[in-house]
Amino acid sequence: VRLAVARVALDRRGAADARPHLEWVLARAPDDAEALLGLARCEIEAGRAAAAVPLAERVLAREPESVPARVLRGRAALELRDHATAEGHLRAATRAAPSDGDALALLVRALREQAKDGEAAELAARLA
């Protein structure tokens with residue numbers, strides 16, 4: 001139930017409302033991937049991308065192919081201006097889920113930040 005409440009809070013009210021529910025879940029199930037990624041999202045939205053990295057990495061250590069974890073890890077890297085790391089995670093996410101619009105949009109951003117404009121434009125056309 002707490003994860004469901006946290007999901008609704010993240011989608012409708014924001015990270016601050018979701019955090020206590022996610023922390024409650026993690027106190028009882030420290031390896032819960034959904035709660036770890038929810039908390040990572042909270043950290044990114046609160047401007048603490050560096051705090052999101054170990055949370056996403058914990059999920060990736062157990063689930064290396066997790067698209068949501070790759071996307072959040074890539075998003076955190078972008079916020080930290082580590083564009084090459086972001087590109088790597090986002091490429092992995094788009095390989096596993098080619099129609100994931102969030103992953104694709106973030107990959108386009110990572111490529112543009114590295115002046116890889118040609119490839120960024122090709123991928124951006126897929127978003128339209």
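The values are calculated or read from the model by the stated rules, or taken from the named source; none is laboratory data. Source: prediction; values computed, not measured. Here Cβ is always computed from backbone atoms with ideal geometry, including for glycine, and neighbour counts include all displayed protein chains. In case anyone asks, the SASA skips ligands and DNA or RNA and just uses the protein heavy atoms, side chains included. Shrake-Rupley method; radii C 1.70, N 1.55, O 1.52, S 1.80 Å.
Remarks
- Farthest towards the positive end of the charge dipole of the chain, among the residues Pro64, Val5, Pro54, is the Cα of Val5, using unit charges on the Cβ of Lys, Arg, Asp and Glu.
- Added length on full extension, which subtracts the Cα-Cα distance from 0.36 nm per residue, Ala16 to Glu63: 14.3 nm
- Sum of -39500 (n - 2.57) over DSSP H runs of 4+, divided by residues of the chain (222 nm, nearest 500): -24000 deg cm²/dmol
- Accessible surface area normalised per residue over the chain is 52 Å², counting heavy atoms of protein chains with a 1.4 Å rolling probe.
- A Cβ-based charge dipole, computed about the Cα centre of region 1-121 with Lys and Arg at +1 and Asp and Glu at -1, lands at about 160 debye.
- If you run the Gaussian network model on the chain, springs between alpha carbon atoms under 10 Å, then out of Ala86, Ala61, Ala110 the most flexible one is Ala61.
- Compared with the dominant Cα axis of the chain, that is its longest principal axis, helix 101-113 is turned about 60°.
- Using the Karplus relation 6.51 cos²θ - 1.76 cosθ + 1.60 with θ = phi - 60°, the per-residue 3J(HN,Hα) values for region 12-17 come to 10, 10, x, 5, 4, 6 Hz, with x marking Gly and Pro.
- Trypsin sites (Lys or Arg not before Pro) restricted to DSSP loop in region 22-82 with at most 16 other C-beta within 10 Å: Arg48, Arg81
- For the chain, the carbon plus sulfur part of the accessible surface works out to 52%, probe radius 1.4 Å.
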